[in-house]
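Enquirer: Have a look at this one.
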Amino acid sequence: MRPIPRFATPSERSRAACAAAMLACTALVAPALSAQSVDRSTPPTLAAPTPLVMPTAVERTLPNGLRLIVVEQRKLPLLDAVLLLRHGSEVDPAGKDGLAALTAALLREGTATRTSAQVAEQQAFLGIRLGSGASLEQTTISLHTPTAVLDSAWALMGDIVLNPTFPDAEVERVRNETLTGLLQLRDRPPAIADRAFNALLYGESHPYGRSSGGTEQTVPGITRNDIAEFWRTWYKPNAATLIIVGDITVAEAERRANALFGAWTRGTLPTVAVATPPTRTVSEAATSITLIDKPGAPQASFRLGSVGVARSTPDYHALMVLNTALGGSFTSRLNANLRETKGYTYGAGSSFAMRRDPGPFVARAEIVAEKSDSALIEFMKELRAIRTTMSPAELEKAKQYLILGFPERFETTGDVAAQLAPLVTYNLPLDTWSGFQRGVDRVTAADVQRVATRYLDPAALRIVIVGDRATIEAPLRATGIAPVVVRDVMGRELPRP
């Protein structure tokens, strides 16, 4: 080994010393490595899954009807809290799509005692995360905080929930930002495909067929009075659940919840009409292709699917195994075919969006434009093939993927709170996740074939493809898979010339 120069700088001498140490380690380890025979022809054998011990959730109810769920996790001085309201954009009034989302976003933009800037400044000063938002079926206000600043963080969370003022200037700013974002989506084929697919599948009068963020037509008409009235109507403790996970006892969590939200007045909520998807006629029941023109697009956005199942389905575990094999993992059939074998896309997948009512099943990918016809053929081939018997090896791989990956959903206090939230939204028992791994392990090939046959019908699909019409229309028609109808970016019929 070359000696270190006598007049080397300290940094040079340090680097040389590190290099010498690395060489010495290599010399010691190399003989051991060479003596090992590593068989790279087969993948490593998976170890048996370690049973996951789920955290205990304790439930209380405050006098005003607020439901409280507490999970003690005392290892780190951290706490996550989620206030979950059981209504979201599905209760937006007609012509006011996006109202729930705007209301939730504006909670943090000013209260009776703090301006928007002061709310943001206090978050930064405390080193906490405070968020709010609304989706289709729920509204959430979330807090992540060190317990050292819990008093201040807790007070700030309560302030934005109980005392928002919705200042006119902030309403105008957030509304304009929302509208700008919606206009930008018009230039993004994946977003166009998502919106059109849902609108065609459910109809624009159904909550699942509308955009929870609103549209370019509805958002400009939402006023401050609309927002304040929505908050007064739907933000009630008897329609809310407070989930607390972290370094806190159940007694302390209940005391804090009572102190902060105990004076929140309960109220009667409006009746929500049950929406049902539109009934398709005999002629509409067959698979159809909707083509939306995006001139010059180098890729085509594919969405293929149908109305699926509600979260309460007894077929939940079998459907999870089915979807994992079809398009829910990197080694799934769709991704292995369209990405790895054919090279048509960077990724293809599928999912069941399970909600209070049956949500959509959708298979998706962004496909290089000149291969749109070939990709459609492969999509249909995989959707037909998954209905046949699954091999024991593929079944076991899908089950192990779900079972071994399940514990990572509960690594942090925020993760635990996030996993409890859908149990509340869909009125499921709090110990639901305790049986997940056992439920998956019990799924058989016959179960997968049964649910695939029941819920996936290649002869009755909605197919939406967004791309350059001049390039892809003729090849798509030539496949003969289904009639092709050209529509606008909302999936609506084009005006006749």
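Enquirer: Within the stretch 384-404, track down each residue that is assigned to a helix (DSSP H, G or I) and not small (Gly, Ala, Ser). If you could, list the steps in order and put the result at the bottom.
Expert: First, the residues of the stretch 384-404 that are assigned to a helix (DSSP H, G or I): 384-385, 392-404.
Passing the criteria: Arg384, Pro392, Glu394, Leu395, Glu396, Lys397, Lys399, Gln400, Tyr401, Leu402, Ile403, Leu404.
Enquirer: Take residues that are under 30 Å from Leu78 (Cβ atoms) and free of Cβ contacts under 8 Å to residues at least 24 places away in the same chain and tell me which of the helices (runs of 4 or more DSSP H) falling wholly in the stretch 212-314 contain 1 or more. Reasoning before the result, please.
Expert: Numbers: elements: 224-234, 250-261, 282-285.
The helices (runs of 4 or more DSSP H) meeting that bar are 250-261.
Enquirer: Further, regarding this structure: Can you tell me how many residues in the stretch 302-353 are closer than 18 Å to Phe406 by Cα and hydroxyl-bearing (Ser, Thr, Tyr)?
Expert: The qualifying residues number 6.
Enquirer: If His144 satisfies all but one of (1) surrounded by fewer than 20 Cβ atoms within 10 Å (Cβ to Cβ); (2) under 23 Å from Ile248 (Cβ atoms), what's the number of the condition it fails?
Expert: Only one criterion in (1) surrounded by fewer than 20 Cβ atoms within 10 Å (Cβ to Cβ); (2) under 23 Å from Ile248 (Cβ atoms) is unmet by His144, namely (1).
Enquirer: Right, next: Note down all Cβ pairs under 7 Å where the first residue falls in the stretch 371-388 and is touching a residue at least 24 places away in the same chain (Cβ under 8 Å) and closer than 16 Å to Thr287 by Cα, the second is open to solvent by 10 Å² or more (accessible area, probe 1.4 Å) and part of a helix (DSSP H, G or I), and they're at least six residues apart or on different chains.
Expert: Qualifying pairs under 7 Å: Asp373/Pro475; Asp373/Ala478; Asp373/Thr479; Leu376/Thr479; Ile377/Thr479; Glu378/Asn337; Glu382/Arg333; Glu382/Asn337.
Enquirer: If Ala417 satisfies every condition in (1) buried (at least 17 other Cβ atoms within 10 Å of the Cβ); (2) farther than 16 Å from Leu322 by Cβ; (3) modelled with pLDDT under 95 but one, which is the exception?
Expert: So Ala417 meets the others, but not (3).
Enquirer: Pick from the stretch 179-211 the residues that are charged (D, E, K, R) and outside any helix (DSSP H, G or I): which of them is nearest to the chain's Cα centre (by Cα)? Please lay out each step first, then the result.
Expert: Of all residues in the stretch 179-211, those charged (D, E, K, R) come to 186-188, 194-195, 204, 210.
Pick out the ones that are also outside any helix (DSSP H, G or I) and you get 186-188, 204, 210.
Numbers: Arg186: 21, Asp187: 22, Arg188: 19, Glu204: 22, Arg210: 17 Å.
Among residues in the stretch 179-211 that are charged (D, E, K, R) and outside any helix (DSSP H, G or I), the one nearest to the chain's Cα centre (by Cα) is Arg210.
Enquirer: How do the pairs read when you match residues in the stretch 144-158 that are among the small types (Gly, Ala, Ser) with residues anywhere that are open to solvent by 10 Å² or more (accessible area, probe 1.4 Å), using Cβ under 8 Å and keeping only pairs 6 or more apart or on different chains?
Expert: From the stretch 144-158, the pairs are Ala148/Pro77; Ser152/Gln122; Ser152/Leu126; Ala153/Leu126; Ala153/Ile128; Ala153/Leu130; Ala155/Leu260; Gly158/Leu260.
Enquirer: Mind listing whichever residues of the stretch 334-346 are at negative phi and either of a type in the set (Gly, Ala, Ser) or surrounded by fewer than 16 Cβ atoms within 10 Å (Cβ to Cβ) (or both)?
Expert: So the first thing to find is which residues in the stretch 334-346 are at negative phi, and the list is 334-342, 344-346.
Scanning the stretch 334-346 gives Ala336, Glu340, Thr341, Tyr346.
Enquirer: Here is a further query. Can you say whether Phe352 is surrounded by fewer than 19 Cβ atoms within 10 Å (Cβ to Cβ), within 24 Å of the chain's Cα centre (by Cα), more than 30 Å from Leu66 (Cβ to Cβ) and not polar (S, T, N, Q), as far as the supplied structure shows? Steps first, answer last, please.
Expert: On the way: surrounded by fewer than 19 Cβ atoms within 10 Å (Cβ to Cβ): no; within 24 Å of the chain's Cα centre (by Cα): yes; more than 30 Å from Leu66 (Cβ to Cβ): yes; not polar (S, T, N, Q): yes.
Against the criterion (surrounded by fewer than 19 Cβ atoms within 10 Å (Cβ to Cβ), within 24 Å of the chain's Cα centre (by Cα), more than 30 Å from Leu66 (Cβ to Cβ) and not polar (S, T, N, Q)), Phe352 does not qualify.
Enquirer: I'm checking my understanding of the structure. Among residues of the stretch 433-458 that are touching a helix residue (DSSP H, G or I) at 6+ places or on another chain (Cβ under 8 Å), open to solvent by 40 Å² or more (accessible area, probe 1.4 Å) and part of a helix (DSSP H, G or I), which one is farthest from Ala393 (Cα to Cα)?
Expert: My answer is Arg450.
Enquirer: How about the stretch 289-333: which of its residues are open to solvent by less than 30 Å² (accessible area, probe 1.4 Å) and among the acidic types (Asp, Glu)?
Expert: Scanning the stretch 289-333 gives a single hit, Asp315.
Enquirer: Which strands (runs of 3 or more DSSP E) does the stretch 52-101 wholly contain that include 2 or more residues that are out of contact with any helix residue (DSSP H, G or I) (no Cβ under 8 Å at 6 or more places or on another chain)? Don't jump to the end; show me each part of the working.
Expert: On the way: elements: 58-61, 67-72, 78-85.
By residue number, 58-61.
The values are calculated or read from the model by the stated rules, or taken from the named source; none is laboratory data. The model shown is predicted, which means the values in this text are computed figures rather than measured ones. Quick reminder, even Gly has a Cβ in these numbers, built from the backbone with ideal geometry, and neighbours come from all protein chains shown. All accessible areas refer to the heavy atoms of the entire protein, side chains included, with ligands and DNA or RNA removed. Shrake-Rupley method; radii C 1.70, N 1.55, O 1.52, S 1.80 Å.
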